[in-house]
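Have a look at this one.
Throughout, read-outs are computed from the coordinates displayed, never taken from laboratory work. Computed from a predicted model, the values in this text were never measured in an experiment. Here the Cβ positions follow ideal geometry from the backbone for every residue, glycine too, while neighbour counts run over all protein chains shown.
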Amino acid sequence: MQNIASRDPLIGLLNRRECDRVLARQIDLCQRLQVPLALCFFDLDHFKQVNDLLGHHVGDKVLQRVALAVEQIIRSTDYLFRWGGEEFLLLCTDTPKAHALKLANTLKAAINGIDWSDMAHMPALTCSFGVALFPEHADQAESLFIAADSALYRTIAEHFGTWLELASAGQFDGQGDHHTPAPYVEKAFRKYLECGIRCPRLCAGTLRRLR
């Protein structure tokens, strides 16, 4: 039952609920071992067009194939989650910045290069990435999530499928200054609140910054 509750029923990846538990546990582990952790959000560009033009049954197959392509590249110690819709989250422990960016670029190229020839009228698929690192960009699960998701929103708004964004330099803890434009932070912050999770220190600091 626990395995069923922690998995996405469509593609079998770990789900959002499990992500909250795993991320907190892995940050604690990396803190004790003094090793970095990378959190990577990626989103399939224009995925709504696939569902609208070809139907949700094709969209489901696309999500399954993307998940398989990513799983064939990442390590057995990495965690891949379906966050919701066409959005995925990858958690990599003991992964410094250079390795995280290299992996994100490798995954981006792999997804862009998936063969869709067996799906009639399937458009070319691209993806957008946002990456944040512990402890460089945040030292708590909540703030690391928002740093990575803000970077993803910045990618979508400014580059859309042609780039990946690294979170802005300096820690984002909800209290101090952060260089990501406020609208992107706000979108990530609102999404986090929609998950039903609250972090009073983070919420208070972020709301002050967004006012």
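Select from the range 8-83 those trypsin sites (Lys or Arg not before Pro) which occupy a DSSP coil region and have at most 16 other Cβ atoms within 10 Å, ordered by residue number. Provide the component values of the computation, followed by the final result.
Details: sites: ARG16, ARG17, ARG21, ARG25, ARG32, LYS48, LYS61, ARG65, ARG75, ARG82; in loops: ARG75.
Answer by residue number: ARG75.
Right, next: Amide H neighbours of TRP83 under 5 Å, at least 5 residues apart or on other chains, H built in the peptide plane: list them.
Counting only residues 5 or more places away or on other chains, the set is PHE88, LEU89.
Using amide H atoms built 1.01 Å from N in the peptide plane, name the residues 5+ places from ARG7, or on other chains, whose amide H lies under 5 Å from its own.
Distant-sequence amide H within range of ARG7: ASN15.
Still on this structure, I have one more. Label-point separation (nm) for GLN31 and ILE114, each offset 7 Å from Cα along Cα-to-Cβ?
Placing both labels 7 Å along Cα→Cβ, they lie 3.6 nm apart.
Can I ask one more? Taking the Cα centre of the range 29-153 as origin and charging only Cβ (+1 Lys, Arg; -1 Asp, Glu), how large is the dipole, in debye to the nearest 20? Don't skip to the answer; put the middle values down first.
Details: 9 positive and 15 negative charges, 55 e Å.
That gives the range 29-153 a dipole magnitude of about 260 debye.
Can you work out ³J(HN,Hα) from phi for every residue in the range 14-27, in order, using Karplus 6.51 cos²θ - 1.76 cosθ + 1.60 and θ = phi - 60°, giving whole Hz and x for Gly and Pro?
Calculated HN-Hα couplings, in order: 4, 9, 4, 4, 5, 4, 4, 6, 5, 4, 4, 5, 6, 5 Hz.
Shifting gears a bit: Please compute the length gained on full extension between ALA5 and HIS57, using 0.36 nm multiplied by the number of residues separating them and subtracting their Cα-Cα distance. Could the numbers behind the result be given before it?
Numbers: separation 52, 0.36 × 52 = 18.72 nm, distance 2.31 nm.
So the chain would gain 16.4 nm between ALA5 and HIS57.
In whole Hz, with x marking every Gly and Pro, tabulate ³J(HN,Hα) for the range 148-156 from phi via Karplus 6.51 cos²θ - 1.76 cosθ + 1.60, θ = phi - 60°.
Whole-Hz 3J(HN,Hα) from phi for the range 148-156: 5, 5, 4, 5, 5, 4, 5, 4, 4.
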